[in-house]
Every structure is written in structure tokens, then in C-alpha cells.
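Here's the structure, in C-alpha cells; my notes come after.
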Amino acid sequence: MSTGSGERGQLLLLAATRKGAWIYHGDSERRSWQVDGPHFLGHIIHHLVLDPRDGRTLLAAASTGHLGPTIFRSTDLGRSWQEAVRPPAFGPSINGLEARAVDHTFWLTPGHADQPGVWYAGTSPQGLFRSEDGGRNWAPFSCINDDAQYRRWFGTVQDGTPDGPKLHSIIVDPRDAQHLYFAMSGGGVHESLDGGRSFAPLVDGMEVVAGFDAADVTFHDPHCLRLCPSNPDRLYQQNHCGIYRLDRPGRRWQRIGRNMPAEVGDIGFPLVLHPRDDNTLWVFPMDGSDVWPRTSPGGQPASMSRVTAVPAGSVRASACRPARPGGQSSARR
Amino acid sequence: MRVLIPSALQSYTGAAWVSAEGASLDALLRDLDRQFPGIRFRMVDERRRIRRHIRFFLNGEMLFDPDHPLPAGGELHIVQALSGG
């Protein structure tokens, strides 16, 4: 799910699913929604993203259960779609490394506001790609995809989610087009200060599963990385081993999720940041017991938690559930 | 050569039967891609491996190698295997 503002300022919710994509057009009060879809009925749509630079270009990362992956592009908010001429694909084997094949593109990020037409893509198995023509042609970042050290940090195709390890959460600093972040599950968080010519790990303070060496980037498993819209020096991260915050130029992550209610814990996948308050975010903890992918602690219907990180560095956490059928809601603190 | 396109790829060709030429399976698929851009990558990955759920039959014989030579005539059937319940 992603959001965006159309060229007339209308709110859009973009839902990418294993059965196709839907676009929800909201009114200014977000009280009523017009549903547009399905697009690509039956296709697996891994990510659907609106280009904030024009409010009408959409990119969809698509695959199916029986065909290879591709990217579809629309310049009219989904009324028509064109397929990429050259979708993300790895180059031939170099540096003595095994050749790889993209299984699917998992992540799409529009480039900096000053770089119209630039997009970034993350794939499974892990790879980083860039387009300079609005998503028609994609070129691999050889410094990541074909680097022996990164290949070791990638691990194997079995070191990830059930449908493969992913490069995700590609972030462009809104103040500096050369400043990039991305995360890999598994393989840590990485940063570039030179527009992607080189990257370095950013994992200090992040914990790993007991028994493994936190100094080895391979074992770090970030699930979601976000940059505060109201404070580009602040990052939040939902990790396999907790919820973290990092204030730049610092380099050490602080595990803020320890103050989550013990019965909820701080393991999950999505993170949603407040658009104006860099101390407030929402997380979606998951049941880490019998059924791992379930986002429902204790088997309850989907729960939502808010973590408020106060400036002094301590953390308050509250958890609440959406209204029940009877209209009641409950909250814990 | 006449080529039978599976339904899942007819969004590229607009027809079940098309014509394509090539001295090998790989050459024929590249000719198909010239006519219908994007169709080859849905069937063959960047390592030239035939994707898991795609099968090629030349006059009834299944082909496993992209370099398999093709005769001038005949029929190539592209079959999309489905998996799941």
C-alpha cells in the first residue's frame, strides 16, 4: 500500500496485491473513496507507486506465477499502461561471481525532485537498479549487484522471506539527490553519499538473532526503513530484532521498541511516520509465535500501535485496536 | 514457422498463432521479441534459462535448450504450465 497526491491534489491510495492492483481516489475529507480497479487482474503486483513530481505517472512492479517479472508504466493515472522496454535484469557474470536472475522487482522509489525521470528499484534476489527515463529502461548498480562483499552479505536465496530475500526501502534524501539509503532483508542498512557510486553499511546498534555475530552485516534483517518527512535527519527502522531510531549525522541505531507493551513486543514489518511530527510513528506488531507472518498479536484482529519517541531519548508507547464491530475501541498504555 | 502463443502471452501478440523465424529456439524467441517487445523476458531470464512454467514443443517434441536448432518449417507450441491447487 502506498499513498500519493494526484496532479489536482486529490488523495490516492494505491493497493498492490497478489491478485492485482487497485487505486482508491479519496475526497478532500477522506470520507468517500472511488475505487478504480482491478488493474492487472491476477498478476502479482509487488509495488505500485505514484510519481510525486507530476502526480500522474504510476509505476507497477509486476510478475505472475508463471511468467517473468516486468515493470508497467502509466502516465495517465492508470487509464493506460505501457510495459518497460528493459525491465530490471542482472548483467552477465563478472568478477568470478555466479550469474543471477531477477525473480521479481519488489520495490520502487521515485528519484529526487531535481531529477525528473529518475527512479530506483530493488529486486529479489537482492539487486539495485536505476532508470533515468521514467521507468522505460533499467540499469543495474554493479557496485552492489556484482560486488563480492555485497554478494556475501546477501546470503543465499534461502536467507529471506518465503518468496526470496529483498532489497527494499530505497530512500532519497529530499535535500540531496546524492544521498541514498536502502535496506536488505537480510543484509543490513546501507548508505551512499555519492549518488550510488559507493555504499557503506549503517548497522551499528542494530541487534541480531541470539547466537549470531552482530558485527557481520549478513545477519542484520531490517524489515522496513523510513525517513521522517518533517525531519530528514531522522530515520526509523522496523527490524526482525526490534524498532529503531537513528538521528543523523549519528551512526548508532537506538532500539526504541523495548518500551512497547511486553505482550505486544516490537517485531513487525510496516512503519508509518507522522507527516509533521517526527516523534510519532505507527507500527504493526506481529505474532512471532506459531504463525510468523500474521500481523495480529495474540490472534486478535489487525492491531495498530503508536510509538511516541520523546526528544529526551526515552520512549512512550501505546497500543490501540481499531473499532470493534460494536463501535467500541480499546487502548493500552 | 507457425508459433502457438499461450493465452497468458496473447496480450503481447493479440492472436493465438503468429509467425516467427530463427535458426535456433533462441533466435526465434528474439524474432518474437522484435515483433512483440517484452515477450521474450517473460519466458526466458537474463541467464537464457527457460522460465519454470514455460515449455516449448517443436512438432510435438519438448525442447530444453535455447540453442536447439529449428527447421525452416513446422510448428512451435509455447505452453504455459500452471502450478497450484
Please state which of the following conditions A:Gln254 fails to meet, knowing it meets all the rest: (1) out of contact with any strand residue (DSSP E or B) (no Cβ under 6 Å at 6 or more places or on another chain); (2) surrounded by fewer than 23 Cβ atoms within 10 Å (Cβ to Cβ). (1)
Of all residues in region B:65-85, how many are out of contact with any Ser or Thr (no Cβ under 9 Å at 6 or more places or on another chain), within 14 Å of chain A (Cβ to nearest Cβ) and either hydrophobic (A, V, I, L, M, F, W, C) or surrounded by 10 or more Cβ atoms within 10 Å (Cβ to Cβ) (or both)? 4
Subset of region A:71-88 (residues that are at the interface with chain B (Cβ under 9 Å from one of its Cβ atoms), surrounded by fewer than 22 Cβ atoms within 10 Å (Cβ to Cβ) and either within 27 Å of A:Tyr24 (Cβ to Cβ) or not basic (Lys, Arg) (or both)): A:Glu83, A:Val85
Residue that is surrounded by the fewest Cβ atoms within 10 Å (Cβ to Cβ), among those in region A:114-147 that are in contact (Cβ under 8 Å) with a residue 60 or more places away in the chain and in a strand (DSSP E or B): A:Arg130
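Based on what the data block shows, is B:Ile78 closer than 17 Å to A:His66 by Cα and in contact (Cβ under 8 Å) with a residue 40 or more places away in the chain?
Considered against the rule, which asks whether it is closer than 17 Å to A:His66 by Cα and in contact (Cβ under 8 Å) with a residue 40 or more places away in the chain, B:Ile78 comes out as yes.
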Has region A:166-177 got any residue that is closer than 18 Å to A:Phe106 by Cβ, in contact with a His (Cβ under 6 Å, 6 or more places away or on another chain), of a type in the set (A, V, I, L, M) and not in a loop (DSSP other than H, G, I, E, B)? yes
Give just the number: which of (1) within 22 Å of A:Arg86 (Cα to Cα); (2) away from chain A (no Cβ under 12 Å); (3) of a type in the set (Lys, Arg) does B:Arg2 not satisfy? (1)
Residues of region A:153-187 satisfying the condition of being surrounded by fewer than 21 Cβ atoms within 10 Å (Cβ to Cβ) and within 14 Å of A:Arg100 (Cα to Cα): A:Gly155, A:Thr156, A:Val157, A:Gly164
Taking region B:40-64 as the search range and keeping residues that are more than 24 Å from A:Thr105 (Cα to Cα) and in contact with a helix residue (DSSP H, G or I) (Cβ under 7 Å, 6 or more places away or on another chain), which one is nearest to the other protein chains (Cβ to nearest Cβ)? B:Phe56
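Only the coordinates and a few stated rules stand behind these numbers; no lab work does. Computed from a prediction, not measured in an experiment: that's the story for all the values here. A quick note on method: Cβ atoms are made from the backbone with ideal geometry, for glycine too, and the neighbour counts reach across all protein chains shown.
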